[in-house]
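Chemist: Below is one structure. I have some questions about it.
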Amino acid sequence: MLALDIGTIGYLFSVAAYVALAIVLLIGWRDRKLHGALLITVALTSLLWAAVLAWQGTFTTQSDQLVLITEFLRDSAWVAFLWGILRKGGASSKAIPRAIDAVALISVGLVLGSLVLITFPEQLIDEATLSTILLLSKIGLILAVLILVEHLFRYTAAQRRWAIKYLCLAIVGVYVFDFYKYVEALLFQDIDIARWEARGYIHALVVPLIAVSAARNPQWHLDVYVSRRLVFHSTVIVASGSYLIVMAAAGFYLRRYGGDWGHVSQVVLVFAAVLFLMIVALSTQVRAKLKVFISKHFFNYRYDYREEWLRMTRTLVSGSTEERLPIRAIRAIADILESPGGQLWLKQSNGRLLPVERWNSSESLEMSQADSESLMRFLLDTEWVIELKEYREHRDRYRDLVLSAELLAAGKFWLIVPLLHDRDLIGFILLIPSRATQSINWEDRDILKVAAREVAGYLAQSETLRALTEARQFEGFNRLSAYMIHDLKNLIAQLSLVISNAQRHRANPEFLQDVIGTVENSVARMTRLLEQLRTGAVPRQLERVDLVQVTSQAVEMRSVTEPRPRLVSGDGKVMLEADRDRLLAIVKHLIQNAQEATAANGSVNVRVWRENTRGYLAIEDNGCGMSEEFIRERLFRPFDTTKGLTGMGIGAFEAREMFRALGGDIVVASEPDRGTQLLCSVSLSEVAVEQPAVSDEVSS
């Protein structure tokens, strides 16, 4: 028959708590080390003990023998665990007296003797004597456990006691209660029922303390992880629920005993209680202090480093378009310590530190050149996080560092966090006091240093991208200027050729006609150059042109120079859409390059033909040729020339870009001292798309 009285419910709570503890410990057990195994044994034997008592209360069965066996097993597990920590754990085992071993051996003897007496009670001893002996054995085991706990706390280094204090508190609380209960039972030969039924609740209450200590002791090889976020929200919910229960009880009391004012007082009290709870819940200062309290007292480390790193990364890379990177950088550092704002100072090109951004900080500061140099030198040498309050109180710790009185104004600013990147100081972040107003320790400083280096990397990368963008803008301008100079050089060369022939052919009407045409062409091209300089755009005049006719004209124009080029084949038409002047200038330039690489008695042959939807232009010479490395590394590299001061190094590059814009390419085949072949291809099936805006034209 089921009978769930108050004591049975308490033992059921205890069963649930030990089940949760055992699962957590089993999941977090790493490396299969002794201390972890012993603590898991403690959890399992305690679970067995609580389960037997819960089963006994639920089904109203009497099994005192089984209860005693499980109780002695639980006690022996605690003795083994504590002795294992003292001898093999974090305590100073060399200083521990050898009497501890004797305490452990006596405990083993008490457990074994008690188990024998429990198993064969009738054959060995009468019931009254057995009860007394078992009570004395139980009290002896309790004293052994308490002695071991006392030695564990005493011989643990002071700086490590925070890791075991909750474990010691839990064990002492349980066993002092048991000591009082069993001593009373020994004196009066009767066990108090109320205290017996309260044990389940007591064990359920101390289980979280054991779990906290397990999480704080990685040397036990127990990776017990509890989310700080979960603990924070659970704490808020429990605290809020407890507060509302208390307020509800107070309201019930007012309503029942408040007379005529009772009902009104209850309504006002409940409203005020809910309003106060909402104010507290929305207070960032209260939330910050609660997070600090939980991190200090319930976790091995103050920070959940995975969560902090993810949060900081999201802050740096996921900012809105209105929130620039400098503000996100301040916020990423400030959020670590719950600081509500700060300022970003960066080193300028003149070596001085200046504020470049503020976040929730209206203070306007200036730093002299001397103070700026002093601070940069100190931060670069020490990489310290400077706490301004500590600087005001202990200036001797900061050597020759000098900070302005405005910066040290009490309460305005809190920390100076250096931003170091590749062994260079790029600036610092100045934080205002935290909402939690806590002093910082080594862990705060370490996480700030690591986070600041990450932020410095983002800021340095952003500055590098900005400088690269400016460099590319200047590069584009310089390249445009270079192309203009290249085109002007070609125009000057063309006009110089006219002047040099004027003395011989000035009386020739055909020569004069050619001169007029050349000058008109030069004026038109210079006009387009001026338009390009004025607007920055490259005007294109795409038209239907015949590659054969353009090549023939280029060959004719280059025939004044030895070796004279020869158009080997050119029957039929190869029609395409292109800028005719530019295409003519490119072809002339390629023929000129072939002539300059070939001796006067050599040969330069030009061919044009069509295959399906593609047109081809081949220029072959038997000149000096080029190496494969030169073709790969230098031929098409802009501003790389072998002509000294007479060349710009952009002709081959622009020729390739133009043919690529026409849907083709330039393929070069060459061998040193054997000659070169340039094979240029174009697409004839589609209208040429917009060509690269690198130059108006290139002429030979």
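Values quoted throughout were computed directly from the atomic coordinates according to the rules given, and no laboratory measurement underlies them. Treat the numbers as computed from the prediction; the structure is a model and nothing was measured. Quick reminder, even Gly has a Cβ in these numbers, built from the backbone with ideal geometry, and neighbours come from all protein chains shown.
Chemist: Calculate the spin-label point distance for Leu497 paired with Leu244, positioning each point 7 Å from the Cα along the beta-carbon direction, and give it in nanometres.
Modeler: Modelled inter-label distance: 9.4 nm.
Chemist: Quick one: if you stick a label point 7 Å off each Cα along the C-beta vector at Gln369 and Trp609, how many nm between them?
Modeler: With each label placed 7 Å out from Cα toward Cβ, I get 7.5 nm.
Chemist: Could you give the length gained on full extension between Asp192 and Lys573, defined as 0.36 nm per residue of separation minus the Cα-Cα distance, in nm?
Modeler: Taking Asp192 through Lys573 to full extension adds about 125.4 nm, to one decimal.
Chemist: Looking at the stretch 332-429 from every direction and averaging, what is the projected area of its Cα convex hull in nm²?
Modeler: Mean orientational projected area (the stretch 332-429, Cα hull): 6.3 nm².
Chemist: Next question. Considering the dipole of the stretch 305-459 built from charges on the beta carbon (Lys and Arg +1, Asp and Glu -1) around the Cα centre, which of Ser374, Thr315, Val356 is farthest to its positive end?
Modeler: Thr315
Chemist: While we're on this one: Set the Förster radius R0 to 25 Å, insert the Cβ-Cβ distance between Ser404 and Gln348 as r into 1/(1 + (r/R0)^6), and round the FRET efficiency to 0.05.
Modeler: 0.90
Chemist: May I pose another question? Just rank Thr119, Thr41, fewest to most, by other beta-carbon atoms within 10 angstrom.
Modeler: Lowest count first: Thr119, Thr41.
Chemist: To continue, here is another question. Could you give the length gained on full extension between Asp101 and Thr129, defined as 0.36 nm per residue of separation minus the Cα-Cα distance, in nm?
Modeler: Full extension from Asp101 to Thr129 adds 7.2 nm.
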